[in-house]
Amino acid sequence: MTVLLTLGIIVFVAIAIWQMVKIFDLAQVGSSDNNQVATDKDNKVNGYLMIAFLIFIYAITIYSFAKWGDLPLVSNSASAHGPTIDNLMIASMIIIFIVQTITQFLLHYFAYKYKGEKGRKALFYADNNTLEAVWTIIPVIVLAGLIISGLFAWTNIMNPDFEDEDPLVVELYAQQFNWKARYAGSDNVLGNANVRLIDNDRANILGLDESDPNAQDDVIVTELHLPVNRPVLFKMRSQDVLHSAYMPHFRAQMNCVPGMVTQFSFTPTITTQEMRENPDMQDKVANINKIRLENQADVLERGQDIRYEFDYLLLCNKICGKSHYNMQMKIIVETQEEFDEWMSQQTVFENSLN
């Protein structure tokens, strides 16, 4: 990669010098040798170069697909709505690829076919209603299909129907530069909270209202546990700046905005252990561990373990400050029985105060 980057820099520097030389030549107005009018030979060379560049584009595309294009394009979603998001992404990528392939061919082929030649005039239409209708109607239909599908997916995800279900209510609390999670406790109702009520001397680190009965059984943790196949309703707050709660394997992301509560919900469908046993994930983990082993000294210097084990993660997807990269929290998806056992070991808010 370093060699490729170096070659790229050298090429760009060479192009920059070449352009500067051309600018210098253009500045020599009085020179009789300075003729900027393209000849038939110039046009022919540029026409062939356009075809050559088209072949290069297709060749590098085919090579990239052969070497790095493992299908499907996106995989390993672990939430009920994940496949819907993945299908929308795949459909969009396929359409973009087809359109790009066709338009690039037309662009380069026409540049070659209609290259300048003395005494020759290219056929053109000053006005063609049929062509204009075709290249207007087709994109409208395709984009309308994508947009309508996206709107249905968005509505189903953002407006879930919990009438027949009992979602687990969890608050994700963001601050520079860590996450806290707050469970609603046995009543499944989060107590009132406000950043003005934060009292570190009493260990009230999230600013819960100590007089609110609903807050007494809330549970504050630094590791997020979720029961599989149970809907989870997330309420999100930020203490300081704009953060973004991003859980990539669950295809979930929502901004955490200071001064307001945002929300997102999903149903996890694959436990952490099941994902670790997934053959595709095992291949990825093996590749990561191979890279870590090759860079063992650097990994140990950073204080990391050589052996990586898959975990779901909650990340911050907004650049929120100098330690933004370090803002993450482990997520464990487990059975309801395992979740209940873990929850029984946690300390409720009223017993955690100093």
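Among residues of region 281-308 that are modelled with pLDDT under 85, those with a beta-carbon under 7 Å from a residue that is exposed (fewer than 11 other Cβ atoms within 10 Å of the Cβ) at least six positions away or on a different chain give the pairs ILE306/GLN296.
Candidates in region 309-354 are the residues that are open to solvent by less than 40 Å² (accessible area, probe 1.4 Å) and without any contact (Cβ under 8 Å) to a residue 40 or more places away in the chain; of these, the one that is nearest to LEU168 (Cα to Cα) is ASP311. Conditions first: (1) farther than 18 Å from PRO83 by Cβ; (2) in contact with a His (Cβ under 9 Å, 6 or more places away or on another chain); (3) among the polar types (S, T, N, Q). ASN287 passes all but one, so which condition is the exception? With respect to (1) farther than 18 Å from PRO83 by Cβ; (2) in contact with a His (Cβ under 9 Å, 6 or more places away or on another chain); (3) among the polar types (S, T, N, Q), ASN287 is out only on (2). A Cβ distance below 8 Å, combined with a sequence gap of six or more or placement on separate chains, defines the contacts here; from region 72-94, residues that are free of Cβ contacts under 8 Å to residues at least 24 places away in the same chain and farther than 14 Å from LEU151 by Cα reach residues that are part of a loop (DSSP other than H, G, I, E, B) and open to solvent by less than 40 Å² (accessible area, probe 1.4 Å) in the pairs PRO83/SER77.
Matching residues to (1) outside any helix (DSSP H, G or I); (2) open to solvent by 40 Å² or more (accessible area, probe 1.4 Å); (3) at pLDDT 90 or above; (4) not charged (D, E, K, R):
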{"position": "TYR173", "(1), (2), (3), (4)": "yes, no, yes, yes"}
{"position": "LYS180", "(1), (2), (3), (4)": "yes, no, yes, no"}
{"position": "SER186", "(1), (2), (3), (4)": "yes, yes, no, yes"}
{"position": "VAL189", "(1), (2), (3), (4)": "yes, yes, no, yes"}
{"position": "GLU210", "(1), (2), (3), (4)": "yes, yes, no, no"}
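With the condition kept exactly as written, say whether any residue in region 158-171 is of a type outside the set (A, V, I, L, M) and part of a helix (DSSP H, G or I). No: region 158-171 contains no residue that is of a type outside the set (A, V, I, L, M) and part of a helix (DSSP H, G or I). Out of the residues in region 242-259 that are modelled with pLDDT of 90 or more and outside any strand (DSSP E or B), state the one that is nearest to GLY321 (Cα to Cα). Step by step, filter region 242-259, then rank; the result is LEU242. In region 291-311 there is at least one residue that is β-branched (Val, Ile, Thr), farther than 19 Å from PRO268 by Cβ, out of contact with any helix residue (DSSP H, G or I) (no Cβ under 7 Å at 6 or more places or on another chain) and not in a loop (DSSP other than H, G, I, E, B).
Considering only residues in region 76-99 that are in a loop (DSSP other than H, G, I, E, B), among the small types (Gly, Ala, Ser) and open to solvent by less than 40 Å² (accessible area, probe 1.4 Å), the one that is farthest from VAL142 (Cα to Cα) turns out to be ALA78. Exactly one residue out of ILE141, ILE62 is at pLDDT below 90, β-branched (Val, Ile, Thr) and assigned to a helix (DSSP H, G or I), and it is ILE62.
Does region 217-229 include one or more residues that are over 30 Å from the mean Cα position of the chain (by Cα) and assigned to a helix (DSSP H, G or I)? Looking through region 217-229, none of the residues is over 30 Å from the mean Cα position of the chain (by Cα) and assigned to a helix (DSSP H, G or I).
Inspect region 231-249 for any residue being open to solvent by 30 Å² or more (accessible area, probe 1.4 Å) and touching a Ser or Thr at 6+ places or on another chain (Cβ under 6 Å) and give the result as yes or no. Checking region 231-249: not a single residue is open to solvent by 30 Å² or more (accessible area, probe 1.4 Å) and touching a Ser or Thr at 6+ places or on another chain (Cβ under 6 Å). Would region 24-47 turn up any residue that is at pLDDT 80 or above and hydrophobic (A, V, I, L, M, F, W, C)? Yes, some residue in region 24-47 is at pLDDT 80 or above and hydrophobic (A, V, I, L, M, F, W, C).
Within region 111-138, if we keep just the residues that are part of a helix (DSSP H, G or I) and touching a helix residue (DSSP H, G or I) at 6+ places or on another chain (Cβ under 9 Å), the residue that is surrounded by the fewest Cβ atoms within 10 Å (Cβ to Cβ) turns out to be LYS113.
When you check ILE319 against the structure, is it of a type in the set (A, V, I, L, M), assigned to a loop (DSSP other than H, G, I, E, B) and more than 30 Å from ILE85 (Cα to Cα), yes or no? Criteria not met by ILE319. Among the residues making up region 100-110, a single one is among the aliphatic types (A, V, I, L, M) and open to solvent by less than 80 Å² (accessible area, probe 1.4 Å): LEU106.
The values are calculated or read from the model by the stated rules, or taken from the named source; none is laboratory data. Quantities reported herein were computed from a predicted structural model and do not represent experimental measurements. Virtual Cβ from ideal backbone geometry, glycine too; neighbours counted across all protein chains shown. For accessibility, only protein heavy atoms count, side chains too; no ligands or nucleic acids. Shrake-Rupley method; radii C 1.70, N 1.55, O 1.52, S 1.80 Å.
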